[in-house]
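**Student:** The structure's right below; bear with me while I get my questions together.
The values are calculated or read from the model by the stated rules, or taken from the named source; none is laboratory data. What you see is a predicted model, and the numbers here were worked out from it, not measured in a lab. Here the Cβ is made from the backbone with ideal geometry for all residues, glycine too, and neighbour counts use every protein chain on show. Remember, those area values only see protein heavy atoms, side chains included, never the ligands or the DNA or RNA. Shrake-Rupley method; radii C 1.70, N 1.55, O 1.52, S 1.80 Å.
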Amino acid sequence: MSTLTPSCWLSDNILLAAKALKLCFAPCVVLQVAKKEGEVGERSEKKDVFQAPPPVIMFSGSGLNSSKGLRRQKRDWVIPPINVAENSRGPFPQMLVSIRSDQDQDISIRYSITGVGADQPPNEVFNIDPVLGKMFVTKPLDREHRSSYHLRAHAVDMNGNQVENPIDLYIFVIDMNDNRPEFKNQVYNGSVDEGSKPGTYVMHLSAFDADDNTTANGMVRYRILSQTPHSPIPNMFTINSETGDIVTVAPGLDREKVSQYTIIVQATDMEGNLNFGLSNTATAIITVTDINDNPPMLTSKTFTAEVPENRVDVVLTNLTVIDADQPHSPNWNAIYRIISGDPSGHFTIRTDPITNDGMVTVVKPVDFEMNHAFMLTVVVSNQAHLASGIQSSLQSTAGITISVQDVNEPPYFPTNPKHIRFEEGVPAGTSLTTFSASDPDQLQMQQTIRYSKLTDPADWLSINRTNGQIVTTAMLDRESVNVKNNIYEATFLATDNGFPAASGTGTLQIYLIDINDNPPVLIPRESQICERTNRNANGVNITAADADTDPNAGPFVFELPSFPTNIRRNWTISRISGDYARLGLRYQIYLEPGVYEVPVVVSDSGNPPLSNKSVIKVKVCPCDENGDCTTLGAVAATGLGTGAIISILICIIILLSMVLLFVVWIKRREKERQTKQLLIDPEDDVRDNILKYDEEGGGEEDQDYDLSQLQQPDSLEHIISKPPAVRRVDERPIIPESQYPIRPVVPHPGDIGDFIHEGLRAADNDPTAPPYDSLLVFDYEGSGSTAGSVSSLNSSSTGDQDYDYLNDWGPRFKKLADMYGGGDDD
């Protein structure tokens with residue numbers, strides 16, 4: 001098998017010159033080699049400087065259809081790769097190589113290629129003439145998209161039978177310099193300490209070139225185009241052309257002069273060749289970071305201040321400092337220290353976080369009588385240590401003179417609080433002690449102190465205004481609620497006559513020693529006990545309490561008095577412990593249920609002892625099996641007899657019955673009120689009919705009603721006093737009508753029933769009023785009717801009158817039609 005590349009085809013073991021390998025589809029030396037089985041064909045070399053014929057690749061002579069027997073096959077030729085330049089301008093399709101088999105003279109051969117770029121995506125980048133075996137590239141190639149292709153060439157007969165073994169074709173895309181170097185960022189940030197030595201690493205920049213980095217097309221080189229500012233020199237930095245590392249090349253970086261540099265860096269491919277390479281730029285911003293190379297300096301060597309005595313947390317003066325380092329950084333923050341002149345720690349210096357000034361503050365009261373002035377030595381430094389080689393400034397130390405101002409100080413009690421001990425019960429007027437105060441200004445000011453009482457909860461004490469002597473005004477009592485833990489506490493005020501006046505307080509604590517002045521008492525004062533119990537199984541536990549303390553309290557002595565005699569005969573008391581005893585009935589003693597007052601005498605252990613007779617009310621009652629008083633027994637034990645209890649129960653029952661009857665009566669009356677008929681039927685109520693709004697009527701004449709009949713006169717005496725007379729009820733009298741006074745608008749205060757009855761009586765006695773049975777007539781039509789009296793009409797069931805027409809008058813006349821109509825008789 002033989003091959004021929006687009007550059008130059010060489011025989012085995014012959015190397016092509018590097019210059020000839022870089023040419024593509026240029027005139028070259030064509031070497032056509034025919035290799036048959038068992039021998040090597042004739043080699044011929046032709047040189048065509050202008051138009052070289054397309055290279056031909058021959059299949060191996062040992063085809064599958066060879067009729068010769070088995071023979072030793074010689075080594076195949078190695079087919080060099082086919083090089084194709086990217087971004088070719090065509091024309092397309094562009095022929096790359098010609099493939100043929102040495103059997104094409106005997107039989108018809110069909111050629112095909114397979115692989116990525118042929119029959120696999122991306123499809124149809126390469127194709128082949130199936131008859132002539134010419135392979136073409138159909139469009140420009142891009143090495144950055146795909147750098148090589150691997151195809152296989154096939155030769156088959158007309159029946160599709162393989163006549164040659166497939167051969168591998170490797171197509172390499174030759175790189176062209178068609179991509180600029182690209183920086184990942186357009187702006188890079190770096191930093192370097194001020195004062196750095198030459199060669200100090202600053203930062204790194206890198207650019208990427210998509211071209212082949214094994215060739216000059218992808219080899220990037222860096223250089224600095226400009227530096228801003230140019231201080232102290234224009235070239236403070238340099239960059240490694242291959243790695244992109246920026247380093248310093250000169251000393252003199254000073255943040256206080258230049259805090260930031262801007263560097264323009266250029267990246268060029270073709271190994272930095274500015275004539276043929278492509279370039280791109282990026283910006284590097286280098287920040288000069290601060291170091292503590294400037295010590296703080298105080299603006300003055302001496303400072304003065306004044307402080308009033310006995311004042312704290314007062315700022316006396318501010319120490320101003322200058323520091324050229326970066327503000328509000330550890331290299332700028334000042335720390336002040338007092339190194340001498342204040343052994344007692346009266347002062348401190350705090351740093352103002354905004355201005356960096358030192359605020360001299362008094363933290364411990366100063367006394368003018370002890371120190372009139374202070375001479376302080378102060379040193380200032382930074383929070384961070386000074387950089388190597390930087391010395392402290394002489395201006396970092398200063399002196400402060402602080403003068404103490406004298407003020408009127410309040411008197412004070414040397415012993416505060418003052419403790420004294422006294423027995424309780426001392427009488428009024430007893431002198432306890434002298435509670436005097438001292439004036440700290442007595443050496444500079446001659447002042448007088450006056451005393452007064454500030455607090456005295458029980459009002460037991462008084463104090464002399466001039467010398468402070470304390471005298472009792474009442475008897476001291478340890479058991480008072482104002483005494484806590486045997487101590488009575490009072491406070492006093494000492495005031496001088498300075499300007500302004502000052503005062504101080506002192507506390508006097510009196511420890512009261514207990515005396516036996518309180519007799520013991522018994523608790524509880526009331527209890528209950530069962531009337532019949534076993535011996536020692538029932539009793540009342542009583543406790544003795546004494547307001548005094550040991551040894552004036554327990555143990556206590558309990559006993560029953562000898563008088564009256566029935567006390568010891570019915571009751572017994574036994575001591576349980578020093579503070580407790582049990583009171584109970586004597587064995588086989590029965591007492592009626594009730595309340596019994598049992599006196600008990602108790603004595604304490606004081607010297608002399610105090611005794612007290614206490615009366616305990618014991619309720620004796622019947623008990624159940626659990627030893628608890630029954631309900632009836634508890635009532636009986638209150639002292640009431642059986643008759644009294646029955647009377648109480650009867651009274652309760654009677655009271656409940658009365659309440660029940662009253663409730664029933666109330667409900668019945670309410671029901672009667674609801675069912676009571678009205679005096680006037682609502683349908684006949686003239687007032688409602690007169691005020692009907694939707695009645696159109698027959699005109700104004702139909703509305704000429706006599707409303708005087710519905711009004712109550714102020715006085716009915718002129719009607720009631722008239723003598724009765726014979727009246728006709730079928731016509732209106734001719735006598736003048738009575739004139740009733742107009743009823744007032746305000747409702748009559750009387751009951752509505754009384755009002756109606758009075759009106760009815762007035763109408764009955766009034767000869768001008770209509771008859772009693774015509775009160776509901778709306779209008780009077782006059783006398784002499786041509787129709788005659790209705791009472792003269794006779795109704796008879798006989799005759800020829802036909803009432804069947806009543807059935808045609810509607811449902812309102814159905815009743816009359818049924819009565820008088822011609823219905824069938826049952």
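**Student:** Return the residues of the stretch 301-325 that are among the hydroxyl-bearing types (Ser, Thr, Tyr), in contact (Cβ under 8 Å) with a residue 60 or more places away in the chain and open to solvent by 40 Å² or more (accessible area, probe 1.4 Å); say none if nothing qualifies. Write out each step before concluding.
**Tutor:** Step one: list which residues in the stretch 301-325 are among the hydroxyl-bearing types (Ser, Thr, Tyr), which gives 302, 304, 317, 320.
Of the ones still in play, those that are also in contact (Cβ under 8 Å) with a residue 60 or more places away in the chain are 302, 304, 317.
Result: Thr302, Thr304.
**Student:** Please go through the stretch 287-303 and pick out each residue that is out of contact with any Ser or Thr (no Cβ under 7 Å at 6 or more places or on another chain) and among the aliphatic types (A, V, I, L, M).
**Tutor:** Matches in the stretch 287-303: Ile291 only.
**Student:** Scan (1) under 30 Å from Ala282 (Cα atoms); (2) outside any loop (DSSP other than H, G, I, E, B) for the single condition Glu144 breaks and write down its number.
**Tutor:** (2)
**Student:** Among (1) surrounded by 15 or more Cβ atoms within 10 Å (Cβ to Cβ); (2) within 30 Å of Asp517 (Cα to Cα), which single condition is Ala384 missing?
**Tutor:** Only one criterion is unmet by Ala384, namely (2).
**Student:** If you take the residues of the stretch 81-130 that are in a strand (DSSP E or B) and among the charged types (D, E, K, R), which of them is least open to solvent (accessible area, probe 1.4 Å)?
**Tutor:** Arg100
**Student:** Would you be able to say whether some residue in the stretch 372-391 is over 30 Å from Asp323 (Cβ atoms) and in the same structural domain as Asp342 (by the TED database)? Spell out how you get there, then give the answer.
**Tutor:** Narrowing the stretch 372-391 to residues over 30 Å from Asp323 (Cβ atoms): 372-373.
Going one step further and asking which of them are in the same structural domain as Asp342 (by the TED database), we end up with 372-373.
Checked the stretch 372-391: at least one residue is over 30 Å from Asp323 (Cβ atoms) and in the same structural domain as Asp342 (by the TED database).
**Student:** Got a sec? Which of Val598, Val602, Val557 is outside the structural domain of Asp477 (by the TED database), among the hydrophobic types (A, V, I, L, M, F, W, C) and touching a residue at least 60 places away in the same chain (Cβ under 8 Å)?
**Tutor:** Working: Val598 fails: touching a residue at least 60 places away in the same chain (Cβ under 8 Å); Val557 fails: touching a residue at least 60 places away in the same chain (Cβ under 8 Å).
Step by step, each of Val598, Val602, Val557 is checked, and only Val602 is outside the structural domain of Asp477 (by the TED database), among the hydrophobic types (A, V, I, L, M, F, W, C) and touching a residue at least 60 places away in the same chain (Cβ under 8 Å).
**Student:** Would you mind finding the one in Phe347, Phe276 that is exposed (fewer than 13 other Cβ atoms within 10 Å of the Cβ) and aromatic (Phe, Trp, Tyr)? Let's see the steps before the verdict.
**Tutor:** Numbers: Phe347 fails: exposed (fewer than 13 other Cβ atoms within 10 Å of the Cβ).
Answer to the check: Phe276.
**Student:** Shifting gears a bit: Suppose we filter Met375, Met370 for residues that are surrounded by fewer than 18 Cβ atoms within 10 Å (Cβ to Cβ) and modelled with pLDDT of 90 or more; which single one remains? Even if it seems obvious, please write down each step before you answer.
**Tutor:** Details: Met370 fails: modelled with pLDDT of 90 or more.
Just a single option satisfies the conditions, and that option is Met375.
**Student:** Can you tell which of Thr287, Thr248 is within 30 Å of Gln227 (Cβ to Cβ), at pLDDT 95 or above and open to solvent by 50 Å² or more (accessible area, probe 1.4 Å)?
**Tutor:** Residue meeting the stated conditions: Thr287.
**Student:** Given the criterion surrounded by 14 or more Cβ atoms within 10 Å (Cβ to Cβ), modelled with pLDDT of 90 or more and under 30 Å from Pro308 (Cα atoms), identify the matching residue among Thr433, Thr495, Thr472.
**Tutor:** Numbers: Thr433 fails: under 30 Å from Pro308 (Cα atoms); Thr472 fails: under 30 Å from Pro308 (Cα atoms).
One residue alone meets the criteria, Thr495.
**Student:** Identify the single condition in (1) over 41 Å from the mean Cα position of the chain (by Cα); (2) more than 30 Å from Asp245 (Cα to Cα) that Trp332 does not satisfy, given that it satisfies every other one.
**Tutor:** (1)
**Student:** Check Gly133 against each of (1) within 15 Å of Pro166 (Cβ to Cβ); (2) exposed (fewer than 14 other Cβ atoms within 10 Å of the Cβ); (3) not hydrophobic (A, V, I, L, M, F, W, C) and name the one condition it does not meet.
**Tutor:** (2)
**Student:** Can you tell me which condition Gly195 does not meet? The list is (1) under 56 Å from the mean Cα position of the chain (by Cα); (2) open to solvent by 30 Å² or more (accessible area, probe 1.4 Å); (3) modelled with pLDDT of 95 or more, and all the others hold.
**Tutor:** (3)
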